């Protein structure tokens, strides 16, 4: 911190003043209220509070927050604009590097990215105190929300002269939407194909409404349609149409695969096929979305009853327990085989879950699911675990404790133990994948073994973050554009 102040010798007092500003309180719905609705947990900041929070940024020259952001948002410049009441300028600054800043502001784990690197968060004050980092995520969401309120819409980007080149994009999640936007504005004609009935991918089908209001997604999709992006839904690649057919019969010059990682992992535990034992995605989409957004076989609310058990320790499991509470379950328990220290999800999500009455059972794992005579789950047999001594990698494995079995009631169970890549593109596909089903690409360009096909996001990285999918999409779009230009001019659309 002394180095930072030293580089601002004429502004030392100003830096000291900024470091003394306490973090502004960001209001949330009271737990007793929010368990009865699916509205966003966080409430919008006021303009006054946002300006004060932005003023906490000391504009340090190294800007580690920018380096920690996968899309390298110019956070200090945006916050400086907000501090000077230039909301539109601040929003434009975020949009220079991110296609979905209002979503990233809500969904990114800022505590391990930009906020985790914020100097304000680890600087020692003259009195020896420490304050939290600048609330970068909430400010990013506030700034871009305010922009849309002022302009009454998502900004619509200028589209360059048409190249007559056509690009097929598989998957309408953050990677696919980003590629479509970046290529459409460069003059290429983009069509997004998705197997779900509505567009949005994980942003619609994987994010509960209490984390992000879907009106934001709808407005974004409208802005993409306004610049000419075409959406074709309920299309299964490899079944309804093959990649080869898109190329040879439908005349697409290039392709991007961004079909995500939506295949839920199985426990392979006795009784996993019982009635009212759900995979996380099935439970979440049925619990959070309207029937018109779902395939016919997934319509209707999931049954929860009084006692819901959710197995898993990531953000998806928190989405499931919090959804179960909102669907009326009286007792919701999260079962995880390690301790809270090993949980991969966001701390704030566990805080929200506890505030809403969710119970946590650590160092515990299910051994079987027990049914009644009708084949419906009624209880779960659990066993207690302990962590082993660290292995060569330093990892401590969960080990079962002998004779520690016990049973708890369960009217419904949700399995939320991670996802695999959704890389099944049909038997005729020649796109190379690894042993885990992840599509193999050039790490610099996103190009696959087939020159006209690129890929990015979770189908390449495994289940990851919205912002890393955006970063992949922006990088791949640059190289898809270069590939299309290398084909030479095209006089007309085939």
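Given the criteria under 25 Å from residue 234 (Cβ atoms) and either surrounded by fewer than 16 Cβ atoms within 10 Å (Cβ to Cβ) or within 19 Å of the chain's Cα centre (by Cα) (or both), does residue 177 qualify?
Working: under 25 Å from residue 234 (Cβ atoms): yes; either surrounded by fewer than 16 Cβ atoms within 10 Å (Cβ to Cβ) or within 19 Å of the chain's Cα centre (by Cα) (or both): yes.
Yes: the conditions hold for residue 177.
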Single condition residue 39 does not satisfy, out of (1) over 30 Å from residue 179 (Cβ atoms); (2) touching a residue at least 24 places away in the same chain (Cβ under 8 Å); (3) touching a helix residue (DSSP H, G or I) at 6+ places or on another chain (Cβ under 8 Å): (3)
Top-ranked residue of the stretch 332-357 - restricted to ones that are touching a strand residue (DSSP E or B) at 6+ places or on another chain (Cβ under 6 Å) and in contact (Cβ under 8 Å) with a residue 40 or more places away in the chain, ranked as farthest from residue 383 (Cα to Cα): 333
Pick from the stretch 230-265, criterion more than 21 Å from residue 422 (Cβ to Cβ) and in contact with a strand residue (DSSP E or B) (Cβ under 7 Å, 6 or more places away or on another chain), ranking: surrounded by the fewest Cβ atoms within 10 Å (Cβ to Cβ): 251
Among the candidates 399, 351, 380, residue that is under 30 Å from residue 211 (Cα atoms), in the same structural domain as residue 315 (by TED's automatic domain parsing) and assigned to a strand (DSSP E or B): 380
Residues satisfying the stated conditions in the stretch 448-473, i.e. more than 15 Å from residue 421 (Cα to Cα) and either surrounded by fewer than 20 Cβ atoms within 10 Å (Cβ to Cβ) or out of contact with any helix residue (DSSP H, G or I) (no Cβ under 8 Å at 6 or more places or on another chain) (or both): 448, 449, 450, 451, 452, 471
Filter result for the condition that a residue is out of contact with any strand residue (DSSP E or B) (no Cβ under 6 Å at 6 or more places or on another chain), assigned by TED's automatic domain parsing to the domain that holds residue 29, closer than 16 Å to residue 466 by Cα and free of Cβ contacts under 8 Å to residues at least 40 places away in the same chain, over 121, 137, 200, 128: 137
Answer residue from the stretch 45-71, given it is at pLDDT below 95 and surrounded by fewer than 19 Cβ atoms within 10 Å (Cβ to Cβ) and is nearest to residue 15 (Cα to Cα) among those: 59
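Criterion first (crowded, with 23+ Cβ neighbours inside 10 Å and either touching a helix residue (DSSP H, G or I) at 6+ places or on another chain (Cβ under 6 Å) or in contact (Cβ under 8 Å) with a residue 12 or more places away in the chain (or both)) does residue 311 satisfy it?
Working: crowded, with 23+ Cβ neighbours inside 10 Å: yes; either touching a helix residue (DSSP H, G or I) at 6+ places or on another chain (Cβ under 6 Å) or in contact (Cβ under 8 Å) with a residue 12 or more places away in the chain (or both): yes.
Taking the combined requirement at face value, the residue satisfies it.
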Any hit, the stretch 82-90, residues being part of a helix (DSSP H, G or I), under 20 Å from residue 346 (Cβ atoms) and outside the structural domain of residue 473 (by TED's automatic domain parsing): no
Residue that is farthest from residue 380 (Cα to Cα), among those in the stretch 242-271 that are modelled with pLDDT under 95 and in a strand (DSSP E or B): 263
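The values are calculated or read from the model by the stated rules, or taken from the named source; none is laboratory data. Only a predicted model underlies this, so the values are computations on that prediction, with no experimental measurement involved. Cβ coordinates were reconstructed from backbone atoms using ideal geometry, including for glycine residues, and neighbour counts include every protein chain displayed.
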